[in-house]
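To keep things clear, I will list the structure first and then write my remarks on it.
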Amino acid sequence: MAADGAAALFDVDGTLVDTVYLHTLAWWQALAQYGHEVDAARIHRAIGMGSDQLLDHLLGDDRDRSEDDAVEAAHLALYAQHWPGLRAFPGAGDLLRECAGRGWRVVLSTSASGRELEVLRRVLDADDAVHAVAHSDGVAASKPAPDLVHRALEQAAARADRSVFVGDSVWDVEAAGRAGTPCVGVETGGFAAAELRGTGAVEVHPSVGALLDGLDDSVLARPGAGAR
């Protein structure tokens, strides 16, 4: 299939589902279990990266990597304790459906593993609007590398310059920019509007609910509206 469509690509953690601070706590506890004292504020600022990038960012890429798998497993086990209480942000599912109704190919593009994504999709309860998914299990490098964005575009057979990425972190904005796709930012992951714009976001909203309310004035108003 020729890549000529227009896709609305959505990060999930911190953008559609309220998980950023749960991930921060789980990483803080997992790292402490293996003797790494890392300030929670530094961990929070790294959320949005995949685990491969996050551990390099926090611990250095010249470290002994022999415990990485164990730390990642500890993080997942600790984070999984919160799964029964996860919630989607207000308007998240409605935004996906509205974008699909306007002709966008909606793709979930996330650094989460396939197992985590299954849980997140149940929380979102919007599979009827989702055209495809791309997650960290299927790429060589996670955000801020552009691999996930490229994979999501491939899944939707969509052009980068006719598509839009929606995310909550500077890592989302950077990954989208490196893939040649404009990024719309939301502040629900804890990054300020000025930071998201400074990294290259074309517009920033307080939340996906606010984006939904202002959709007619957004690059997501219709497919191709934000094409460059």
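Sorted by accessible area with a 1.4 angstrom probe, largest first, how do Tyr34, Tyr21, Tyr79 fall?
Working: Tyr34 80, Tyr21 125, Tyr79 0 Å².
So the residues, ranked largest to smallest area, are Tyr21, Tyr34, Tyr79.
Ranking request for peptides 161-169, 176-184: highest mean number of other beta-carbon atoms within 10 Å first, then the rest in descending order.
Going from most to least packed, we get 161-169, 176-184.
Which value, in Å² and to the nearest 10, is the accessible area of Trp171 when all protein chains are kept and the probe is 1.4 Å?
40
Could you work out the helix-only [θ] at 222 nm for the chain, with each DSSP H run of four or more residues adding -39,500 (n - 2.57) and the total divided by the number of residues, to the nearest 500 deg cm²/dmol?
Computed mean residue ellipticity for the chain: -12500 deg cm²/dmol.
Taking H as built 1.01 Å from N, whose amide H comes closer than 5 Å to the amide H of Val204, not counting residues under 5 places away?
Amide H neighbours of Val204, under 5 Å, 5+ apart: Gly185.
Relative to the longest principal axis of the C-alpha atoms of the chain, give the angle of the C-alpha long axis of helix 68-80, reported between 0 and 90° and rounded to the nearest 10°.
With both axes taken from Cα atoms, the answer is about 70 degrees.
May I ask for the angle, rounded to the nearest 10°, between helix 114-124 and the longest principal axis of the chain, with both axes built from Cα atoms and the value confined to 0 to 90°?
It works out to around 50 degrees.
Give the long-range amide H neighbours of Ala145: residues separated by 5 or more places, or on another chain, with amide H under 5 Å away, using H modelled in the peptide plane at 1.01 Å from N.
When sequence neighbours closer than 5 places are left aside, there are no close amide H contacts.
What relative contact order, as a whole-number percentage, does the chain give when Cα pairs under 8 Å and 6 or more residues apart are counted?
Working: 448 pairs, mean separation 61.2, N = 228.
RCO, the chain: 27 percent.
How large a share of the accessible area of the chain, in percent, is made up of carbon and sulfur atoms when the probe is 1.4 Å and the other protein chains stay in place?
It is 46 percent, rounded to a whole number.
If ligands, DNA and RNA are left out, what is the accessible area of Val139 with a 1.4 Å probe, given in Å² to the nearest 10?
30
Per residue, what accessible area does the chain have, given a 1.4 Å probe and all protein chains present, in Å²?
With all protein chains present, the chain gives 42 Å² per residue.
Ranked highest first by the average count of other Cβ atoms within 10 Å around their residues, in what order do 207-220, 58-71 fall?
Final packing ranking: 207-220, 58-71.
The values are calculated or read from the model by the stated rules, or taken from the named source; none is laboratory data. Keep in mind that what you see is a predicted model, and the values were worked out from it rather than measured. Neighbour counts run over all protein chains shown; Cβ positions are idealised from the backbone, glycine included. To get the accessible areas, we keep the full protein, side chains included, count just its heavy atoms, and leave off ligands, DNA and RNA. Shrake-Rupley method; radii C 1.70, N 1.55, O 1.52, S 1.80 Å.
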